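Comments concern the structure below.
The values are calculated or read from the model by the stated rules, or taken from the named source; none is laboratory data. Keep in mind it's a predicted model, so treat the numbers as computed, not measured. In this analysis, Cβ positions are derived from the backbone assuming ideal geometry, glycine residues included, and neighbour counts consider all displayed protein chains. Accessible surface is based on the protein model in full, side chains and every heavy atom, while ligands, DNA and RNA are left aside. Shrake-Rupley method; radii C 1.70, N 1.55, O 1.52, S 1.80 Å.
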Amino acid sequence: MEGRGLMSSTNDAFVEFSGVQKTYDGEALVVKNLNLEVARGEFLTMLGPSGSGKTTTLMMLAGFEAPTHGSILLGGRAIDNMPPHKRDIGMVFQNYALFPHMTVEENLAFPLRVRKLGKADTHARIKRALDMVRLGAYGGRRPGQLSGGQQQRVALARALVFGPKLVLMDEPLGALDKQLREHMQLEIKRIHENLGVTIVYVTHDQVEALTMSDRIAVFNEGVIQQLAAPVELYERPQSAFVAQFIGENNRLRGKVVAMNGADCKVEIPGVGNVHALAVKVEGVGQPTVLSLRPERVRLNPTPGSLPNVFSAQVAEVIYLGDHVRTRLSVCGHDDFVVKLPSSEGVVQVEPGAAITIGWNTEDCRALDAP
Amino acid sequence: MATTAVRSTGSPKGMPLHLKLRRVERRQKLKAFILVLPLLLFILIGFVLPIGRMLFNAIHDHTLLTLMPRTMTALSEWEGRDLPDEAIYAALIADLKDSWAQKTATAIGKRMNYELPGSLSQVVLSARKASLLTSGPYKEAMIEISPLWGRQDVWNLMKRGTSAYTDYYLLRSIDYQYGPDSQIVASPPENAIFRGVFLRTLSISISVTAVTLLLGFPVAYLLATLPSRSSNLLMIMVVLPFWTSLLVRTIAWVVLLQQHGVVNETLIALHVISQPAELVYNRVGTIVAMTHIQLPFTLLPIYSVMKTISPTYVRAARSLGAGPFYAFWKVYFPQTLPGIAAGCLLTFILCLGYYITPALVGGAADQMVSSFVAYYTNEELNWGMASALGAILLTATLLLYYSFNKLVGVDRLKMG
Ligand SMILES: Nc1ncnc2c1ncn2[C@@H]1O[C@H](COP(=O)(O)OP(=O)(O)O)[C@@H](O)[C@H]1O
Ligand SMILES: [Mg+2]
C-alpha cells in the first residue's frame, strides 16, 4: 500500500473533513480547523499525545459528537445529519465494548440481526469473521470468559462482520501487553490488506503508528502537525513537535545567524555554529531548534569529512543489546545522546573519554522553536 | 531447582510448608472472627433469639397444661368418645378451685375462648361456683353449673390442651380450625380473614414494587447519565425521603390527599373533577404513600448498576447499526437487570412488613399482615396468633427469596 500514491487524486477521498472545529464547553477548541482526506482502502493513523483531540475527531466521524463547525463527507456525501447507526461504520473501542450478556456469536450476530440478514447468511458470516481472527472455537463463550487479546479480536471481528467500508479503531491495543500488542498490530495489518477496508486508527504509540499505517496524522492540541507516510515522518519531520514525538532526537536551541539556500548556520550557545537544513526557520536572527537523530551522529569522524564536528566527553555508556546508547557532554549540554550499533567495528568508548563527534548538514534539521 | 528444594523439605526450621501455611491462616481466621464477634453477638441476642422465641410461640402453648395440671393428667387416659367419667370431673373441680384461689381462671377462660367463643364467662363462673362445691357427684354438679362441661367439643378442646404444642394458631392463620371432634375444618366466614390478608399484603407489595420500578427506572437512568453537577442535585432530591421521618411523610400524604387537601382542591380548581376524589383512607392512598417511601430503595440499586455500565456499550450498538431504542433495549437494559432485581427484591420484602403507613392512610380493607400481628400483640395479647402470622409471613418471604435466588441468583445482585 502506498499511501501517498492513493492520495494523488483528491476526488478519490473516501472520508473528508473540511474545516471541522469542535468545542465541548464553548470556550476551548478541542479540534481546530481540521482538514483531512482519507483515501479508499487507506490505513490512516491519528497519532498524538493524550488530550490532543484524536478521540473527538473519531467520534465526530462515527456520529457520536457533532462538529461545532465545518462538515464531514463520507463517500462524497455530507453526513452531518446522519445518525450513527445509519453510517455503516465499524468501530473498535479501547475497552472493546463487547456486550457482556451475550456470547461471542450473539455479539457478532448483533449487527447482522439489525440488518435483518437471513439465518444461513448470518451463520456463514459469523463463522468467516471468527475464522478470520482465529477464534473459531470460541463462539459459545461470553466475553468475560476470554482473555484480553481474545476479546480484542472478537471486537475486531464484530466491527468487520457486517462488511463496513470504513472501520474506526480508538486505541484498540492500549490494554494489551507489549508482546500481544505487537502480534495484534500485524494481525490487524494483515486483515486490512486482505479485506481492503479503509481504517482510521487512533493511537498515542508512535511505534504502533509507524508499524501499521499508510499515512500518519500527528495531532497536537487539536491541530494536525504533519500528515505523511511513516518514512517521511521519521526522516523529515516538519516541526519540532513531530521530531520530538516520533522517535528520539537531540534538541539544540539556538539562533539563525546565516541563511544559504536550503541550508542555514545556527549559533548554539556554548557549542558554536552548526550547519543545518533550514526546514522551518523564520529567517536570520530568529530562534530555532535543531533536531538531530541519535543514530546520525558519528563518533571520531575523519577530520574534514563532515561539516559539523565538535569535541565532547563521554558521560555514560549503556549497552542495550542491539545498540549502545552513549550520553555525551557537549560544551555544557550533557543530555546529548548517540546511538552506536553494537556490532563489530564500533569505536569503543569509555565514560570520561574525550572524543569528537560530527554529523551531516542534511541530518540536522532546523525547526520551529516552540 | 530452588523451588523443588523448598517444596520437598519445607521451611528451614523443619516444619512442613503446609502446616506453616495452616498456622498462618488460622491466625488470620481468628483475627477476622474477633472483628465480627461484637456484631455477631448483637445479632444473636437482639435478633435471632427474640425471633426464635417468637416463632416458638406460634406452636407452643401450655396454658391449660400448667393451669389445669390434674385435669390434664386425668385426660391423658380419656379416649374422647363419650363425656369423661367422674374422676376427670373431680380433677376439673380441683383445678378450678385452685384457679379461683390463684386468680388464673380468666387465663384459662381466655385460652378456651379463642377456640370456643363465649366460654370465658362460663369458665370464670364455673370456677367461682366450683370453689363452693364440697362433695360429689361432681359430673352432674358441674354440668349443672355450666352446660359447657357437658359438651363434647369442650372436652376435646381440653384434651388438645394436654400437649404443650399446638397447631391451632398456624391453622387459624390460614383460615382453618378444629371442629367439635378435633377434626380440621375451614373457619367460618367471619373468622376466615387471614388468607385474604396475606393475598392483600402480596398484592399491595407487588403493586408498590411495580410502581417504584416504573417511576424509579427513568430517574435512575437520568441520574447515571447526567453530568455530575446536575445529577448531584437530583440525587439529593431522590434521597431526601431517607432523611425525613416515616411518620412525617405519611402524615404529609394525608394532608395532601384528604378530601379537602391540596390535590383535590387543585383538581377541582382546574375543573378536572367536580367532586373531591377519594384519595386517602383507601388503597390509592396506601400505594401512593408506600411508593413514596420505597422509591429510593428500588432506585438506588438500579442507579448503582447503571453507573457501572459504560456508555460505550450503547455507542458500540449504535455503530453496529442499532437505532437508539433498539440499542437501549437490547444492550443497555439487560445489563441493568441485576440492579432491577436487587431493588425490586428489597422493596418487595420491605413492603411485606408495612404497618404504620397502611394504618394511617389506608382503609380497613388495606391493613396488611403486620397490622394484625400488632393487633394480636398489643390489643388481644394473643401472642400465639401474632407469632403464627409472623411465622407464616417470614416463611413466605424466605420461600420467595429462595425461588428468586434460583431464578436470578442473588450473587448476581448488586445492592450498592
Ligand atoms: N465529552 C466531553 N466533554 C467535555 N470535554 C471533553 C469530552 N471529551 C473530551 N473532552 C476534552 O477534549 C480534549 C480532547 O479529548 P480527546 O479527543 O479524548 O483526546 P485524545 O483522544 O486525543 O486523548 C480533552 O481535553 C478532553 O478533556
Ligand atoms: Mg482518546
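Across peptide B:306-319, how many C-beta atoms of other chains are within 10 Å of each residue C-beta, on average? Each step should come with its number before you reach the end.
Values: counts 0, 0, 0, 1, 3, 2, 8, 7, 3, 8, 14, 7, 9, 19.
Mean inter-chain Cβ contacts per residue within 10 Å come to 6.
If we count every other residue with Cβ under 13 angstrom of A:Phe93's Cβ, Lys/Arg +1 and Asp/Glu -1, where does the sum land?
Working: positive: A:Arg158, B:Arg315, B:Arg318; negative: A:Asp170, A:Glu171.
Result for the neighbourhood of A:Phe93: +1.
Close amide H partners of A:Asn250, meaning residues 5 or more places away or on another chain with modelled amide H under 5 Å apart, are A:Leu292, A:Arg293. At full extension, A:Asn260 and A:Ser342 could sit 25.8 nm farther apart than now, given 0.36 nm per residue minus the alpha carbon distance.
Taking Cβ atoms as reference points and 15 Å as the exclusive limit, the residues near A:Asn250 contribute a net charge of +3, counting Lys and Arg as +1 and Asp and Glu as -1. The mean sequence separation of alpha-carbon pairs under 8 Å and at least six residues apart, normalised by the residue count of the stretch B:241-351, gives a relative contact order of 25 percent. How far is the Cα center of the stretch A:303-370 from the Cα center of the stretch B:295-339, in Å? The stretch A:303-370 and the stretch B:295-339 have Cα centres separated by 57 Å. Rounded, prolate or oblate: which one fits the stretch B:63-162, using the alpha carbon gyration tensor with axes a ≥ b ≥ c (rounded when a/c is under 1.5, else prolate when a/b beats b/c, else oblate)? In terms of gyration-tensor shape, rounded.
Here the spin labels are modelled as points 7 Å beyond Cα on the Cα-Cβ line, and at A:Asn273 and A:Arg128 they lie 6.7 nm apart.
At a 1.4 Å probe radius, which order do A:Cys331, B:Cys344, B:Cys351 fall into by accessible area, largest first? List each step's numbers first, then the result.
Details: A:Cys331 65, B:Cys344 25, B:Cys351 0 Å².
Result of the area sort, largest leading: A:Cys331, B:Cys344, B:Cys351.
Dividing the summed -39500 (n - 2.57) terms of all DSSP H runs of n ≥ 4 by the residue count of the protein assembly as shown sets its mean residue ellipticity at 222 nm at -14500 deg cm²/dmol. A protection proxy built from the mean count of other Cβ atoms within 10 Å ranks the segments A:312-325, B:41-54, most packed first, as A:312-325, B:41-54. Across the stretch B:170-186, rounded Karplus estimates of 3J(HN,Hα) from the backbone phi angles (6.51 cos²θ - 1.76 cosθ + 1.60, θ = phi - 60°) give 5, 4, 4, 5, 10, 6, 10, 8, 8, x, x, 9, 6, 8, 7, 10, 5 Hz, Gly and Pro being marked x. Near B:Ala91, within a Cβ-to-Cβ distance under 12 Å, what is the net charge of the other residues, with Lys and Arg +1 and Asp and Glu -1? Result for the neighbourhood of B:Ala91: -2. Database remark: amide H of B:Asn191 closer than 5 angstrom to no amide H (H placed geometrically; neighbours at sequence offset of 5 or more, or on other chains; Pro and chain starts carry no H).
Amide H contacts for A:Ala315 (H built 1.01 Å from N in the peptide plane; partners 5 or more residues away or on another chain; cut-off under 5 Å): A:Arg327, A:Leu328, A:Ser329, A:Gly352. Distance between the 7 Å Cα→Cβ label points at A:Lys86 and B:Ser274: 5.1 nm. 3J(HN,Hα) along the stretch A:112-125: 6, 5, 4, 8, 6, 6, x, 5, 5, 4, 4, 4, 4, 5 Hz, from the Karplus curve 6.51 cos²θ - 1.76 cosθ + 1.60 with θ = phi - 60°, whole Hz, x for Gly and Pro.
Given 0.36 nm per residue, what is the gain on full extension from A:Leu320 to A:Ala353 after removing their alpha carbon distance, in nm? The A:Leu320-A:Ala353 span can extend by a further 9.9 nm.
If you take the beta carbon distance between A:Gln21 and A:Arg77 as r and set R0 to 22 Å, what does 1/(1 + (r/R0)^6) give as a FRET efficiency, to the nearest 0.05? Walk me through the intermediate numbers first.
Values: r = 21 Å, r/R0 = 0.94.
The pair A:Gln21/A:Arg77 has a calculated efficiency of 0.60.
Placing pseudo-labels 7 Å out from each Cα toward the beta carbon at B:Ala141 and A:Ala28 gives an inter-label distance of 10.5 nm.
Just counting partner chain Cβ atoms within 10 Å, what average do the residues of peptide B:320-332 show around their Cβ?
Values: counts 21, 15, 7, 5, 3, 0, 4, 4, 0, 0, 7, 6, 1.
For peptide B:320-332, the averaged partner shielding equals 6.
Across the stretch A:48-195, the relative contact order, built from alpha-carbon pairs under 8 Å that are at least six residues apart, equals 29 percent. Applying the Karplus relation 6.51 cos²θ - 1.76 cosθ + 1.60 with θ = phi - 60° to the stretch B:395-403 yields 3J(HN,Hα) values of 5, 4, 4, 5, 5, 4, 4, 5, 5 Hz, where x marks Gly and Pro. Compute the Cα gyration tensor for the protein assembly as shown, then decide on rounded, prolate or oblate, letting a ≥ b ≥ c be the square roots of its eigenvalues: rounded whenever a/c is under 1.5, prolate when a/b is larger than b/c in the other cases, and oblate in all that remain. Since a/c reaches 1.5 and a/b is larger than b/c, the shape of the protein assembly as shown is classed as prolate. For B:Leu39 and A:Glu106, a Förster radius of 41 Å and the Cβ-Cβ distance give a FRET efficiency of 0.40, rounded to the nearest 0.05. Each part gets one Cα centre, and for the stretch A:41-110 versus the stretch B:196-246 those centres are 36 Å apart. What the Cβ-Cβ distance of B:Ser403 and B:Leu125 gives, at R0 = 60 Å and to the nearest 0.05, is a FRET efficiency of 0.70.
Each peptide in A:111-121, A:332-342, A:272-282 was scored by the mean count of other Cβ atoms within 10 Å over its residues; highest first, the order is A:272-282, A:332-342, A:111-121. For the residues of A:61-67, the average number of beta carbons from a partner chain within 10 Å of their own beta carbon is 2.
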